[in-house]
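Structure first, then comments.
The values are calculated or read from the model by the stated rules, or taken from the named source; none is laboratory data. Source: prediction; values computed, not measured. Note: ideal-geometry Cβ built from the backbone for every residue, glycine included; neighbour counts use all protein chains shown.
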Amino acid sequence: MKKETKAMLDDYKYVQKMVPIAEILIDKVETKNGLGRSLTILGHTTDVVLNEFPMLTEGKKYRVIDGRKTINALIGENKKKVMARVYNNLPVDLEKYVLLVRNLQRSHSPVVEAESFQELINQGKSQKDISEITGIQPSIISQRLALLRLPRSILDRLRRNEITYSAAKRIGGLPLDVQNRIAGEEKITGELVEQHHREFLNSQLSFDDMDLPEAVRGTAVVRSYHVRCGETDKSMTRKELLSFVEEVLPGLSGGDELVIKRM
């Protein structure tokens, strides 16, 4: 007979109560238009979850586990209190697990997830540990953690939903100097990111060292290229070559070799 496993949260009770917003440690995040009005008219459609930590500084007693956007919307409506599920002295690692699982079930904040993953890792948890407890795939964990290497201004824009997650991932595949140039742009769109990506590839890709014939005689024909890079050693069309170079070039280090020969 299989032994019943005790849930990690079973040892921690919570109460549902009204909490003064002034006593909550909360960071500012952008909310969707109309959320504040919806909360006033309809009420809470999602739970606010807090952790009571009386030792917090600046007169704050509660830390947000979930519900940042709801609290920000209430602040925008000049509300003074919020109904919340409140845990008492819940360990930080359990805070993060609860947040990650709840985010997984809805439209999520990739930056908050990334920071939560990093905090758990700083506490000695491995990506495998996190994956086993939350059910989040290791590849997703790695992708989120990669966001933390972005320039701070880009990370902050992603946090405020001013750029898309797909654009942020694309930026992360570029060298730091290109990332910093993008960070200096007034508005970052997917089209702008692709433009910087193409410019970087064009600056790196040169056919000067290829073994090209000095002159082409006779009827023009489609030429093939042979590419050797890492485990890749095969012939490609020009279209395949350009696609391959675009994919692997951002990840090449100083010791890697990319050899292209025209056949």
remark   = When residue 69 is run through (1) outside any helix (DSSP H, G or I); (2) modelled with pLDDT under 90, the failure sits at (1)
ask   = Hey, among the residues in the stretch 40-52 that are modelled with pLDDT of 85 or more and over 23 Å from the mean Cα position of the chain (by Cα), which one's farthest from residue 96 (Cα to Cα)?
value = 52
request  = Scan the stretch 87-96 and give yes if some residue there is of a type outside the set (Gly, Ala, Ser), at pLDDT 85 or above and in a strand (DSSP E or B), otherwise no.
outcome  = yes
note = In the set 234, 261, 187, the lone residue that is assigned to a loop (DSSP other than H, G, I, E, B) and modelled with pLDDT of 80 or more is 187
request  = Kindly indicate whether any position in the stretch 20-39 is under 25 Å from residue 162 (Cβ atoms), of a type in the set (S, T, N, Q) and modelled with pLDDT of 80 or more.
outcome  = no
Of all residues making up the stretch 167-187, the number that are surrounded by fewer than 17 Cβ atoms within 10 Å (Cβ to Cβ) and among the hydrophobic types (A, V, I, L, M, F, W, C) = 1
remark   = Expected output for the stretch 147-176 (first residue part of a helix (DSSP H, G or I), partner among the hydroxyl-bearing types (Ser, Thr, Tyr), Cβ below 9 Å, 6+ apart or cross-chain) is 147/165; 158/109; 158/164; 158/165; 159/109; 167/189
